[in-house]
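Read through the structure below, which is laid out as structure tokens, and then see the notes.
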Amino acid sequence: MSKSSDWWTAPTESESGQLIMVTGRRDVEKFRSNPRFNIRVEITWKYEGEGSGMPDYNTSSLMEQVQEALEKEFEKDPVAVLTGIYTGDNERNWVFYTLSTHIFGRKLNDALASFELLPITIYCENDPEWNEYQEMKEHSEIDAGD
């Protein structure tokens, strides 16, 4: 999760009609072409949002701190790549692709050890074709630059 990564952001809409900001990563080919990175992990943080469904300032600031901790941890040992971030409709979702749920879980715990208990849930699924990533790009990327 290098800071020099190439990212894009685009608005989309939830099923309930609320704004969701989608941030996706472009420079994933070295991970996507590696068949070992075939497990998608989604970390979801539900929050009490403002009327727009976006997080308030304090929640947003804490989410950014968490994201920085995740980036730092996975830069040290790139066993996972963050490919997408969805924020809106009273939740934030971070989407990763990893080669091991066991190692990912250990790294996640290390990254979050300094935080109070966070209201997150984790979902894992085999996704060797990177279907979620492809769908995200097709439905919300404004200018792929590819």
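Since every read-out is calculated from the coordinates, none of them should be taken as a lab result. Here the structure is a predicted model, which is why all the values come from computation and not from measurement. Using ideal geometry, Cβ is built from the backbone for each residue, glycine included, and neighbour counts are taken over all protein chains shown.
Structure notes:
- Added length on full extension, which subtracts the Cα-Cα distance from 0.36 nm per residue, Asn58 to Ile103: 13.2 nm
- Using the Karplus relation 6.51 cos²θ - 1.76 cosθ + 1.60 with θ = phi - 60°, the per-residue 3J(HN,Hα) values for segment 31-44 come to 7, 4, 7, 8, x, 6, 8, 10, 10, 8, 10, 10, 9, 10 Hz, with x marking Gly and Pro.
- Segment 32-146 - percent relative contact order, Cα under 8 Å, separation 6 or more: 40 percent
- Computed about its Cα centre, the charge dipole of segment 7-140 is approximately 560 debye, with only Lys, Arg, Asp and Glu carrying charge at their Cβ.
- Too-long pairs where the Cα-Cα distance tops 23 Å, listed order kept, from Lys107/Lys137; Lys30/Lys76; Lys30/Lys137; Lys30/Lys107: Lys107/Lys137
- Remark: spin-label model distance Gln65-Asp6 equals 3.4 nm, labels positioned 7 Å along the Cα→Cβ axis.
- Karplus-derived 3J(HN,Hα) values for segment 129-139, using 6.51 cos²θ - 1.76 cosθ + 1.60 with θ = phi - 60°, are 8, 6, 4, 4, 4, 4, 5, 4, 5, 5, 9 Hz; glycine and proline are entered as x.
- Neighbour counts of other Cβ atoms within 10 Å put Tyr97, Tyr47, Tyr123 in the fewest-to-most order Tyr123, Tyr47, Tyr97.
- Note, ³J(HN,Hα) from phi for segment 103-113, Karplus 6.51, -1.76, 1.60, rounded to Hz, x at Gly and Pro: 5, 4, x, 5, 5, 4, 4, 4, 5, 9, 4
- Farthest positive-ward along the chain dipole, Cα basis, beta-carbon charges - from Met54, Gly84, Thr98: Thr98
- Legend: ranking of residues Leu117, Leu108, Leu19 from fewest to most surrounding C-beta atoms inside 10 Å; resulting order Leu117, Leu19, Leu108.
- Label zone of Glu42 (point 7 Å out along Cα→Cβ, amide N under 18 Å): in segment 14-36 this covers 14-25.
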